[in-house]
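Working notes for the structure below.
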Ligand code: GLU
């Protein structure tokens, strides 16, 4: 049954809550590879929809004693390979449809790395910058309490994402643990070390991005220390990627944050820039560099453009003007379907998000395994294991892309979807 190759699709293709540009992007990617992956139409139909989505209201008493209610979501795309896994973001733009797209990508990401997880994503629609620490804590704890029916260390394991961090995870872990009556470190990953976190987890996504870039560059016959790099975003992913790239000898010529960017064709001192940003609150105005807008940053001449900010950055509108020779996706979904096509036509390869930024969930997996075993590894061991996972996945993607003449994203999606579909076929659909 689960292999059915015809589909009875209801008249309205998508329920309105999934009718979101990012979900269309995720669906477009999936639909574009189903045939190539050899997955039956019936199985593909199952994979198009999230298994479960929870929408909650999160009431928070603000510091001025007023009450605010924030919408929150958790979407679980597929639990066929194991517990679902994925971050929680605090962002004014969060929607259920966006979480559904990001959850689907988490499924592909975990499958591509052969982690025993399905994909999930969640978030609270709020402006994190306007909340005090106390308000953020109350928001996090109440949101966690609302998620209790669907999360658990064997069910669904949240992690940090945009505007959430180790402290957020500690509050989530504590709220869950207080409910069950004992400490449950494996309920979230990306925790502080003091409550069962893993060394290198905070830097893992950025380190993984650079591992993938380094290996891709080597396969292209280039040398990282001869290359110029532009990095969009200098948060948890972009900031670490900048530092790691500079340490490997690459010339970082452009960096941006939410307010704008800086450009120095001879290279930026990334350590001094980081100090400047911490002091001034923004990269703009960094001595010796020119200020550029975020839009201009994406169009700077460089060898490698690392997208480490947010989704939908390269679009049908600006992809023509990208002057990089290689694009690396540190963020989730930064390249729209239209931009994908334009860059493919122009022969600019894209290192896709589900491969390139998978270092975060890879070390989350290591953290969860350590929590379950109550046995902790050192940084050298984590770095070695992360390198093996990232290079192994890149190798599988690269080989399929070469053998079947596919863009790297399509190759990565084919491999991931085959993994999930094989498990779904073996398990079948419970009636
Ligand atoms: N939020 C990260 C991502 O998008 C990490 C998820 C996790 O570690 O579970 O991949």
Across segment 155-190, the tally of residues that are outside any helix (DSSP H, G or I) and either crowded, with 18+ Cβ neighbours inside 10 Å or more than 15 Å from the ligand (Cβ to nearest atom) (or both) stands at 16
Run residue 146 past the list (1) within 16 Å of the ligand (Cβ to nearest atom); (2) in a helix (DSSP H, G or I); (3) under 25 Å from residue 82 (Cβ atoms) and report the number of the one that doesn't hold. (1)
When you look at residue 52, is it away from the ligand (no atom under 16 Å from the Cβ), in contact (Cβ under 8 Å) with a residue 24 or more places away in the chain and within 29 Å of residue 364 (Cα to Cα), yes or no? yes
Quick one: residue 431 ticks every box in (1) at pLDDT below 95; (2) within 16 Å of the ligand (Cβ to nearest atom) except a single one, so which number is it? (2)
Within the bounds of segment 352-366, is there any residue that is under 21 Å from residue 154 (Cα atoms), within 16 Å of the ligand (Cβ to nearest atom) and in a loop (DSSP other than H, G, I, E, B)? yes
Could you please find all residues in segment 55-67 being free of Cβ contacts under 8 Å to residues at least 24 places away in the same chain and either buried (at least 24 other Cβ atoms within 10 Å of the Cβ) or not in a strand (DSSP E or B) (or both)? 64, 65, 66
Closer than 29 Å to residue 195 by Cα, within 16 Å of the ligand (Cβ to nearest atom) and surrounded by 19 or more Cβ atoms within 10 Å (Cβ to Cβ) - does that describe any residue in segment 320-331? yes
Output the residues belonging to segment 99-132 that are more than 28 Å from residue 427 (Cα to Cα) and either out of contact with any strand residue (DSSP E or B) (no Cβ under 7 Å at 6 or more places or on another chain) or within 14 Å of the ligand (Cβ to nearest atom) (or both). 123, 127, 129, 130, 131, 132
With (1) part of a loop (DSSP other than H, G, I, E, B); (2) in contact (Cβ under 8 Å) with a residue 60 or more places away in the chain as the list, and residue 70 as the residue in question, which single condition is left unmet? (1)
Looking at segment 196-229, which of its residues are within 16 Å of the ligand (Cβ to nearest atom) and in a helix (DSSP H, G or I)? 204, 205, 206, 207, 208, 209, 210, 211, 212
Within segment 403-417, the residues that are surrounded by fewer than 16 Cβ atoms within 10 Å (Cβ to Cβ) and in contact (Cβ under 8 Å) with a residue 60 or more places away in the chain are 404
Can you pull out the residues in segment 81-94 that are surrounded by fewer than 21 Cβ atoms within 10 Å (Cβ to Cβ) and more than 13 Å from the ligand (Cβ to nearest atom)? 92, 93
Kindly indicate whether residue 331 is within 23 Å of residue 159 (Cβ to Cβ), touching a strand residue (DSSP E or B) at 6+ places or on another chain (Cβ under 6 Å) and assigned to a loop (DSSP other than H, G, I, E, B). yes
Which residues, counting only those in segment 73-114, are touching a helix residue (DSSP H, G or I) at 6+ places or on another chain (Cβ under 6 Å) and part of a loop (DSSP other than H, G, I, E, B)? 80, 81, 113
Just a yes or no: is a residue in segment 341-349 assigned to a helix (DSSP H, G or I) and under 17 Å from residue 200 (Cα atoms)? no
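The values are calculated or read from the model by the stated rules, or taken from the named source; none is laboratory data. Values in this document were obtained by computation on a predicted structure and should not be read as measured data. Methodologically, a virtual Cβ is constructed for each residue, glycine included, from the backbone with ideal geometry; neighbour enumeration extends over all protein chains shown.
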